[in-house]
Amino acid sequence: MRLWLNHTGEVSLREQLTTQIVLAILSRELPPGHRLPSTRELARRFQIHSNTASAAYRQLESEGWVEFRHGSGVFVRSTRPTAPLTPEFALDQLIADMAAKARRLGVSETQLRTRLRSWLSYEPPALWLLIEPDPELRRLVIFEMESELALPVAGCSPDDCANPELLDRALPCVLPSKAANVRRLLPAGTELTVLEIHPVAPELQAHLARYLPEHSKELVGIASRWTDFQRIARTMLIAAGLPPEGLLVRDASRPGWKRGLDATIGVVCDAVTAAELPKACHPLIFTLLGESAFNNLRQIESTLTKADSSAAAD
């Protein structure tokens, strides 16, 4: 049985002993019925007090891992404990299984410990960080990104984007119109992803063309917290031939904004507002980020995943 004991570590020697013996039992390095070293032998071999070794064995006995046989010594029990599976026990089982498979592949204990330290020390990017001064636009883009990407998404204003704590393990991204300014604010060498915008105006015009002239006298709603969305939608609807008096524009950040929308044939809105519309409304949803933008972001995430695996293998 191979043991590693750190006499200067924060974990007690008894816990180090019991943990490693349990892992050895789980991985079948110590099979059922195997005789363990005596407390005196453990104390001499690893330079610990015999009371420490004795306490570790008593703990293992009380937990059902070993048994004392009078006059013969301490042995691994033929059956494993039947106590409820705890998270710690489940983790120990995973580690033991990994160690057993590594040994079957011919991996040495030193190699295994080195690889584990490498994996535990490597910290891949943890989130996307959208840098955008307009809080409503920031909220909208974050909502769209979170629905399509694997990594979580956070946001901040350009005034805060150089904060080291915010940038730690973050992938900064920005809308095209703000890219030049944000690049000047970020620390030198920081990677910045410029998001590809889905052109709202042309699609909006094409999408609503089928309503004209048949529905040119119908009431159409526009709803969003983002004021530019309201403006663009109104402009394009009028350009498409709808009369201004047939448009019901609602700022979704204001109280009572839903009033009257159920009387429209449809409500042009963003993805966030669509979820808040009255049930009777028909949402005409327009997103800021198109599929090509998300394909690019997913490719970045995929590349990072491969890079993480390569880094862990170095």
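The values are calculated or read from the model by the stated rules, or taken from the named source; none is laboratory data. Bear in mind that the values here come from a model prediction, so they are computed numbers and not experimental data. Cβ sites come from the backbone with ideal geometry, for glycine too, and all protein chains shown count toward neighbours. Areas reflect the complete protein model, heavy atoms only, side chains present, ligands, DNA and RNA absent. Shrake-Rupley method; radii C 1.70, N 1.55, O 1.52, S 1.80 Å.
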**Prompt:** Leu185 versus (1) open to solvent by less than 70 Å² (accessible area, probe 1.4 Å); (2) aliphatic (A, V, I, L, M); (3) modelled with pLDDT of 90 or more: which is the lone unmet condition?
**Reply:** (1)
**Message:** Taking the conditions exactly as written (within 34 Å of the chain's Cα centre (by Cα), at pLDDT below 90 and among the aromatic types (Phe, Trp, Tyr)), does Phe286 satisfy them or not?
**Reply:** yes
**Complete:** Reported set for segment 210-232 where residues are closer than 18 Å to Thr287 by Cα and modelled with pLDDT under 85 is Ile232
**Message:** What pairs come out if I take residues in segment 225-247 that are farther than 18 Å from Arg139 by Cβ and pair them with residues that are in a helix (DSSP H, G or I) and among the charged types (D, E, K, R) whose C-beta lies under 8 Å away, six or more apart or interchain?
**Reply:** Pro244/Arg234; Leu247/Arg234
**Request:** Using the structure shown, decide if Arg45 is part of a helix (DSSP H, G or I) and not aliphatic (A, V, I, L, M).
**Result:** yes
**Prompt:** Wholly within segment 61-161, which helices (runs of 4 or more DSSP H) include no fewer than the required count, namely at least 1 residues that are at pLDDT below 90, open to solvent by less than 80 Å² (accessible area, probe 1.4 Å) and of a type in the set (Val, Ile, Thr)?
**Reply:** 87-104, 109-121
**Request:** Among residues belonging to segment 33-45 that are touching a Ser or Thr at 6+ places or on another chain (Cβ under 9 Å) and among the hydrophobic types (A, V, I, L, M, F, W, C), point out the one that is surrounded by the fewest Cβ atoms within 10 Å (Cβ to Cβ).
**Result:** Ala43
**Asked** Conditions: (1) under 27 Å from Pro152 (Cα atoms); (2) at pLDDT 90 or above. Ser309 meets all but one. Number of the miss?
**Response** (2)
**Message:** Please count how many residues of segment 256-271 are surrounded by fewer than 16 Cβ atoms within 10 Å (Cβ to Cβ), aliphatic (A, V, I, L, M) and not in a loop (DSSP other than H, G, I, E, B).
**Reply:** 1
**Which numbered condition Asp168 fails, given (1) over 25 Å from Ser292 (Cβ atoms); (2) touching a strand residue (DSSP E or B) at 6+ places or on another chain (Cβ under 9 Å); (3) open to solvent by 80 Å² or more (accessible area, probe 1.4 Å)** = (2)
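Name the residue, out of Leu5, Leu30, Leu17, that is open to solvent by 20 Å² or more (accessible area, probe 1.4 Å) and under 25 Å from Thr110 (Cβ atoms).
Going through Leu5, Leu30, Leu17 in turn, the sole match is Leu5.
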